[in-house]
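Working notes, structure below.
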Amino acid sequence: MDQGILSVKLCEMEKEYGRLQSRIQLFQDRDHKRLLEEIRRMEDKAAQETLLLEKRMRGSGSPAAVKLAQAQLAYEKSVRRILREAEAGAFSRENRPPENPEPAILCAEYAADFATQSMNYALLAALKAMERQLACEEKEGEKENE
């Protein structure tokens with residue numbers, strides 16, 4: 001197994017995290033129109049990434065990769081539905097107007113928590129892959145020494 005791919009993926013995650021931080025800071029000071037433009041752009045990008053994931057899933061020969069892609073697609077679908085409902089005011093507490101930002105803020109908070117959890121699962125998967133690689137190499141070394 002090429003463990004270099006794990007380093008590459010880690011660098012990609014780090015780069016994306018930096019972009020996320022910068023954009024949140026940048027758009028906190030932007031006007032409403034620019035913010036709406038960025039939302040539309042991000043939604044378009046998310047739709048493209050979903051299509052790419054579906055295409056890769058159909059072409060994958062790995063049952064594990066297909067299952068993971070299906071889980072990711074199910075999560076994305078659930079989040080989109082929840083965000084639409086929150087935008088419509090479905091989750092506002094009593095005596096609060098439907099346009100209250102609280103449900104959207106909670107969605108953002110939980111999405112950040114999920115991203116952190118996903119990074120921890122990525123680390124766990126990487127560690128298990130490395131352990132399997134080492135075990136395989138050790139077994140091959142024992143066969144050679146026999």
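For first residues located in region 118-146 and closer than 16 Å to residue 9 by Cα, partners that are among the hydrophobic types (A, V, I, L, M, F, W, C) and lie 6+ apart or on another chain with Cβ distances below 7 Å form the pairs 119/13; 126/6; 129/1.
Entry remark, region 1-18: residues being surrounded by 10 or more Cβ atoms within 10 Å (Cβ to Cβ), modelled with pLDDT under 80 and not hydrophobic (A, V, I, L, M, F, W, C) number 1 in total. Screening 21, 70 for residues that are polar (S, T, N, Q) and either at pLDDT 90 or above or farther than 23 Å from residue 116 by Cβ (or both) leaves exactly one candidate, 70.
Restricting the first member to region 84-107 and to residues that are more than 18 Å from residue 39 (Cα to Cα), and the second to residues that are surrounded by 14 or more Cβ atoms within 10 Å (Cβ to Cβ) and modelled with pLDDT of 75 or more, the beta-carbon pairs closer than 7 Å and six or more apart or on different chains are 91/103; 92/100; 92/103. Residues that are among the hydrophobic types (A, V, I, L, M, F, W, C) and closer than 29 Å to residue 125 by Cβ within region 1-43 comprise 1, 5, 6, 8, 10, 11, 13, 20, 24, 42, listed in sequence order. From the list 38, 85, 76, the one residue that fits, being assigned to a helix (DSSP H, G or I), in contact with a Lys or Arg (Cβ under 9 Å, 6 or more places away or on another chain), surrounded by 13 or more Cβ atoms within 10 Å (Cβ to Cβ) and not aliphatic (A, V, I, L, M), is 38.
The values are calculated or read from the model by the stated rules, or taken from the named source; none is laboratory data. Note that this is a predicted model, so its numbers are computed, not measured. Backbone-built Cβ (ideal geometry, glycine too); neighbour counts: all protein chains shown.
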